[in-house]
Each structure stands twice: as C-alpha cells, then as structure tokens.
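Computed from the coordinates by the stated procedures, all read-outs in this text should not be read as laboratory data. Quick caveat, the model's predicted, so the values are computed rather than measured. Neighbour counts run over all protein chains shown; Cβ positions are idealised from the backbone, glycine included.
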Amino acid sequence: MAEHEQEQGGGGVRLSSKKLIILIVAGVLLLAAGGAGTFFLMKGQMAQPEEASHEKHENVSLYYDMSKAFVVDFPKGGPIELVQLAVTFVVEDQGTADALKKNEPMLRNNLLMIISSQSPDKLNTTEGKEALRKAMLDDVAATLKKLSVHGEVKEVLFTSFIMQ
C-alpha cells in the first residue's frame, strides 16, 4: 500500500510539474501579450500629445494693440456725437506685428477715415459694428499687401467701444 501511495504521489508530482510548466508558459505569454498591448497603446497616446502640441503651437495668437484709441466726432445734434474705439489686431506672426507697428501712422489714418465715414445710427447696432470691423480688417489686409508684408491680420478686436 505504501508503494501504491508513492506511485500516486510520484505520478502526482509529474502531473504537477507539467501543470507548473504550462502555467509558467501561459503566464509568460500573458505578460508578453500585456506588455505588447501596453506598448502599442502608450505609443499611440504618446504621439497624440505631440501632435496636439504642434497644433497648439500653430494656433497661438499674437496680438498687436494700436497705441492710442481712435476718437471720431460726429455732427452735433445727432443721437451720437462721439465714438471712441480701442483696437487690437490678431496677427499671424511677430513679423506682421512689427509691420503694423512700423506703419501705424498710415494705418491710423486709413482706419480713422473708415470710422468717420460710418453712420452713427448704424454703429449703434451689432450689425453696424460687425460691418465696421470687417471694413477695418479688409483695409488693413489691403495695406499690408500693398506694403508687401507676407503675414496676415486674422481679426480685428474692439477692446473698447464708447459712444456718446
């Protein structure tokens, strides 16, 4: 009977060592698959922030503030006799901001002419303000093109708009 127990015990050990080898091989395969999966997931996630970083870098806005506010007097007796505007430009790059600064006297002249040609009643509406903003943007773009500046003014922002 003792021999029978040893045979079963011995047979059980061989079976256990086979199970142990199978379990070790399965564990190694699972670890390798998990590691490979993690690698590919992390590789994809690492590439995305880099791309987003480039997009952020390309979309960084530079601003150029006109040095003084624009003040325009309208004829007396109307509902609006004075308009004061502070303007900031959203520019493509530092070279464009430098060109705006260098040519600010010419730009101020052109923009004052545009503002003074507006109807005070229209400036009192959102549509009128948008039309003024677009006219200013178009004029600045045309002036930069005429001066052979390669950059672009993307937007005109009113940072102050006072009407009295």
*Taking K and R as +1 and D and E as -1, what net charge do the other residues with C-beta under 14 Å from the C-beta of residue 106 add up to?*
+3
*In whole percent, what relative contact order does the range 62-163 give with Cα contacts below 8 Å and a gap of six or more residues?*
39 percent
_Distance between the range 130-162 and the range 94-128 - C-alpha centres, whole angstrom_ = 7 Å
*Would you tally the net charge around residue 86, using a Cβ to Cβ cut-off of less than 9 Å, leaving residue 86 out, and scoring K and R as +1, D and E as -1?*
0
*Pop out the ³J(HN,Hα) list for the range 116-125 in order, Karplus 6.51 cos²θ - 1.76 cosθ + 1.60 with θ = phi - 60°, rounded to Hz; leave Gly and Pro as x.*
5, 7, 7, 7, x, 5, 5, 5, 7, 10
